Amino acid sequence: MIADNFIYCKPETKKDAVKAYEKLKKESNKVFYYGGGSEIITMARAGSNVPDAVIDIKGIPECNVLELKNDVLIIGGAVSLNDINESKLFPLLGTAGARIADHTNQCRITVGGNICGTIIYRETVLPLLLTDAKVSIYGPGRRRTLPLNEIFHERIKLDQGEFIYQIKVKKEMTETPFIHVKKTANEKIDYPLVTVCVTQYKGRLRMAFSGICSYPFRSTDIEEVINNPEISVGDKLNLIHNLLPEPPLTDYEGSGKYRIFVMKNIIEKILERYHNNAKIL
Amino acid sequence: MEIRTARAEISADGKVKIETSSQSPFSVMKQIGKCFNIDAGNIEVHVPFVGGAFGGKAPVTLEILAYMASFKVNGTPVRVIISREEDMTSAPCRLGLDAKIMLGATKEGKINAAKLTFYLDSGAYADISPYMSKSIAADCTGPYNIENLYCDSYCIYTNRTYSTSYRGFGHLCYTYCMECALDILAKRCEVDPLELRLINAIKPGNLSPTQVISTLSNTGNITSCLQKLKEVINWKGPQIKKIDNEVIRTTGIACLWKQAVPPPGSVSGAIITFNSDGSLNLNTGNVEMGSGGQTMLAHMLADKLKMDIKKIHVNFTKDTRFNPEHYKTVASITNYMAGNAVMKAADEVLSQLKEMGSEIFSCSPEDIDVAESKVFRKDNPQSFIDFKDIVLGYKPENEKVIGQPVIAKGTFILKQLSLLDPNTGKGKSGPSWTVGAQAVEIEFNIKDYTYRIVNATTVMDVGKIVNPDGMKGIIYGGMAMGLSMASREVYDYNQEGRLKTPNLRTYKLLHIGQEPLYHVEFIETPQLDSPYGSRSISEHGIIGIPAALSNALSLATNININELPLTPEYLWRQMEAKHDS
């Protein structure tokens, strides 16, 4: 429940959405595009982010697309995690989404919302970073489509009034072998202590992480070490935690040191399997 | 688990009406009366069916605020509702405890002396914590005979959310400390921890910590509980079973006991009236909040009157204007206090019916019997009168009216309790104990220190089994709460003393899917002064569970674990510390 009044509008085209944004922004301070709304409810309840106006992008047809076209998977920004999972079009993204929140919320949370939201884990970003996904962004300026890797640094760098209306991933990349491991403090449904996403593409492992730091990331530094056949598993494990982009996160879910311990355990298991079979699966 | 809420209004003639989700409507009446100098009779307290309380709705808090707010606006009704976050941050919560346990024992594991010190984290207000402090001291040993005993129990103000009663009234806290210490002692003496508990189990003729002479009636039989536990979990001493390269299985055990410590002179009452269909209404002052007290009373009454329980109606909502006073619906003593009152009321029902029956059948009341909602002569059960034709007076066609409507009452007052002697600690603080033995089996991952709870077992001496499924359900629930609390629940404060876990997103609970299999077995050692010999059981399922889980983990990790909650990160920290040293 949100106990404050706010404006709700549901445009039917992306142009109208941006128009609405520009108009509302003149009158009020906090204007949010939204897909599922689960995070807005949470933030409003906590009092940390109460909207003055929300623009529901579920009315925009392009934002609801989920289809393969010319060997490219197109995912609308307002497609729910559960729809992605049930479509089986992108198993890795489906798996990652199926471990975010509970099923009720997976039916509500959208991929665009998960990437752009304020909750720091943004676990759908991991598969997208590893599969060279591109994002199509629409806003007051011109429409732009660019690799997620280029626009996502700690969080997605959108300009004012912009929103993700589509995500594009090559079919070939959606089919790469993968491992997705999420470890929480204790519960099945919770924020991650560490989530590790691994894909194998052209004989190399790619790795992305959430929970270990205050933002999700793909680390080419860690990948260099992991893929180096000269280094033993033990040494790899000792090297990787020095390659994190920032010190590990400490909060009520777990201390930084403990997160490192959990991360090492996850990677050790993956590497043992990899070294035995030269395959991650 | 509804949050706490209260509503107050004051009528033009000064009468106060309070509606509240409370376990203690009569305390609300008394406290508001005392605080604001209002005659208690001018205060009416209504309590609806309460959704979960576990002691947390025994203190009087929001009622006072609602009254003051209503007073300020000339008696207009005012409702005070707090959010989940406010409820967890500012309304009273469960107790925190630190303890120092020193045990002196023979090599064989017989404990001869103990020095126990408890520090209770009362939070910012005393509320009921001093009574918990006393309750802990009075039962501090657990169900064991320790001849030389020294105990200090300190209640300490801190800058935290204040504490109140929570399932077990402090018992799960000190029991955790004692039962972990017993496992350490067993290890030191190289004695099977279950055998060590049997060696020290309290027996008739032994003294309780406050020097009450133990009898089977007042204490029950912990030895039988332990023996039964040994049998049902197939206990063969502490064992580590290897499941695979990473996972091992261990079991931990713990005992429990608890006596209720209501103030001397606490009262209860029951009124029975009848409906025109011959069914009856059982009216007590007990609040129903899911602990099954009303159902238990109805079962006892049905048995006593030899009638179908479906024809007994209990009232779930309470109103101090109509319901007879019951102390507070706390301490699991509905069966004992209200049960005794109900039994007396049932006697009155029988005597009134027999009186009428004797007049109708022209015999003495002793020749009349009552069963299956019928009144008849013992020597001629075929000729009977249905309840519906007699309970509102016997009115045969064209004949004279006999008797009068049946309305019966029964009352109870707690006697023979005393305060503790400040110098010796001697005194009788409760009517009886309930004892039990518990076990928790886990699968522990030696690589990442996570674990899965596989089985949880309780053997409890319930005195007399009344409504077995109901009793099992209550004990399962207690075990689940104990496992949740011990494995993850924590009131975590930051450096500034702010609660970091003020909602159910951050304050973790055990979920469906994480529950083990639950097993409950009963021992029946009657408590002679309680109806049907029944004992209090509602809270008790929680008490030994944290210690049993902890002892299983101590065995699995080979570390003496003695802190809660037992999260994988906590276990990892202990292992790291062990490796470093």
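Remark: relative contact order (segment B:264-315) = 35 percent; criterion is Cα-Cα distance under 8 angstrom and separation of 6 or more residues. Ordered by solvent-accessible area of protein heavy atoms (1.4 Å probe), largest first, the residues A:Thr250, B:Thr89 come out as A:Thr250, B:Thr89.
For B:Ile222, the shell of other residues with beta-carbons less than 10 Å away shows a net charge of +1, using +1 for Lys and Arg and -1 for Asp and Glu. Structure remark: mean-square fluctuation, Gaussian network model of chain A, C-alpha springs under 10 Å; the largest value among A:Leu73, A:Leu81, A:Leu126 belongs to A:Leu73. When the other protein chains are added to the chain by itself, burial of at least 50 square angstrom of heavy-atom accessible area (probe 1.4 Å, ligands and nucleic acids ignored) affects these residues of segment B:484-509: B:Arg505, B:Lys508. Once all protein chains are placed together, A:Cys107 keeps about 70 Å² accessible to a 1.4 angstrom probe.
Per-atom-type breakdown for segment A:7-58 gives carbon and sulfur 52% of the accessible area (1.4 Å probe, protein chains only). Computed from Cα atoms, the angle from the helix B:129-138 axis to the main principal axis of chain B rounds to 80 degrees.
For segment B:2-90, the convex hull drawn through the C-alpha positions has a volume of 87 cubic angstrom per residue. With contacts taken as Cα pairs under 8 Å and at least 6 residues apart, chain A reaches a relative contact order of 14 percent.
The residues of segment B:2-90 expose, per residue, 46 Å² of accessible area to a 1.4 Å probe. Computed 3J(HN,Hα) for segment B:379-385, one whole-Hz value per residue from the Karplus formula 6.51 cos²θ - 1.76 cosθ + 1.60 where θ = phi - 60°, is 8, 8, x, 5, 9, 9, 10, glycine and proline marked x. Axis angle, to the nearest 10 degrees, between helix B:222-232 and the longest C-alpha principal axis of chain B: 70 degrees. The interface between chain B and chain A buries about 1700 Å² of solvent-accessible area in total (1.4 Å probe, ligands and nucleic acids excluded). In the context of the full set of protein chains, segment A:61-174 has a per residue accessible area of 41 Å² (1.4 Å probe). Computing FRET efficiency as 1/(1 + (r/R0)^6) for A:Asp52 and B:Lys110, where r is the C-beta to C-beta distance and R0 is 60 Å, gives about 0.25. Computed per residue of chain B from DSSP H runs no shorter than four, each worth -39500 (n - 2.57), the mean residue ellipticity at 222 nm is -9000 deg cm²/dmol.
Averaged over its residues, segment B:318-466 has an accessible area of 44 Å² per residue, based on protein heavy atoms and a 1.4 Å probe. Please give the helix A:256-277 orientation as an angle from the longest Cα principal axis of chain A, in degrees from 0 to 90, rounded to the nearest 10. Taking Cα atoms only, the helix is inclined about 60 degrees. For the peptide B:445-457, the mean number of other protein chain Cβ atoms found within 10 angstrom of a residue's Cβ is 2. Note on B:Ile64: accessible area is roughly 40 Å² with a 1.4 Å probe, heavy atoms of protein only.
When a 1.4 Å probe is rolled over the protein heavy atoms, the share of accessible surface on chain B that falls to carbon and sulfur comes to 52 percent.
In percent, rounded to a whole number, the relative contact order of chain B is 16, using alpha-carbon pairs under 8 Å and six or more apart.
The values are calculated or read from the model by the stated rules, or taken from the named source; none is laboratory data. Being a predicted model, the structure only gives us computed values, none of them experimental. Heads up, the Cβs are rebuilt from the backbone with ideal geometry, glycines too, and the neighbour counts pull from every protein chain shown. Heavy atoms of the whole protein, side chains included, go into the accessibility calculation; ligands, DNA and RNA do not. Shrake-Rupley method; radii C 1.70, N 1.55, O 1.52, S 1.80 Å.
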